[in-house]
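Colleague: Got a structure here, written out as structure tokens. Questions coming.
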Amino acid sequence: MSPNFTHFKWSTSADSSKPYQIRESKALEYIDWNALSNVAAQSRNIACTVGSQYGVGGRHLVREIVFDDDVHWIARVCIPAVNFSAEENFIPKPVSHSWSANRAAEMQSEIDTMAFLHERTEIPVPQVFEYETAPNNRVGAPYMLMECCFGTCAVDMPNSRSDIPIQFKEKYVAIEAGILVTAFCPKLC
């Protein structure tokens, strides 16, 4: 059975002439995606495939993983810092050279916070199944494998909230407000 990818709408720039976008394309090569797929497959004991579509943020590259039983996970992988010297072709620095104990502690804190919110609130926070905060691992960078939350982020919608279809806008705003109240005013809930 071939995997059924969701084709999320992820904002990724197509201009590869900028140093940070060269970093993105180099990160796709730098990460051992087969090793990451193996980590996921071993975790569930089910074969899986890593999707070709990706999203990129300031520090992470995100790709979808689909298992043969149609379970979907998201891989969030730290990308290396880039050498901003054009003469050196913006070659990424190895993650281990740009990764510090503080960054590992930040990542662990994020994972712990997600676990806490997932277990103790109704906020739709993905469950983290596997992770590695050290840069020297078989994947080649720190990563987390987490539950896939289906849908498109509001920030990835054209014109953000103004393009949410009118029949869904009130529900969307109510859910977003509920999450903010739960997160910032837990005694009110």
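Colleague: Going by how many other beta carbons lie within 10 Å of each one, how would you line up 33, 73, fewest first? Mind showing how you got there, number by number?
Modeller: Values: 33 19, 73 25.
Placing the least packed residue first, the sequence is 33, 73.
Colleague: Going by C-beta contacts inside 10 Å, put 117, 61 in order with the fewest on the left.
Modeller: Going from sparsest to densest Cβ surroundings: 117, 61.
Colleague: For residue 136 and residue 4, what does the FRET efficiency come to when R0 = 25 Å and r is the distance between their Cβ atoms, rounded to the nearest 0.05? Kindly include the intermediate steps, with their values, before the conclusion.
Modeller: On the way: r = 34 Å, r/R0 = 1.37.
Calculated value: 0.15.
Colleague: Round to the nearest 0.05 the FRET efficiency obtained for residue 172 and residue 118 when R0 = 22 Å and r is the Cβ-Cβ distance. Show your work: numbers first, answer last.
Modeller: Details: r = 21 Å, r/R0 = 0.96.
My answer for the efficiency is 0.55.
Throughout, read-outs are computed from the coordinates displayed, never taken from laboratory work. Only a predicted model underlies this, so the values are computations on that prediction, with no experimental measurement involved. When we count neighbours, we look across all protein chains shown, and the Cβ atoms used for this are built from the backbone with ideal geometry, even at glycine.
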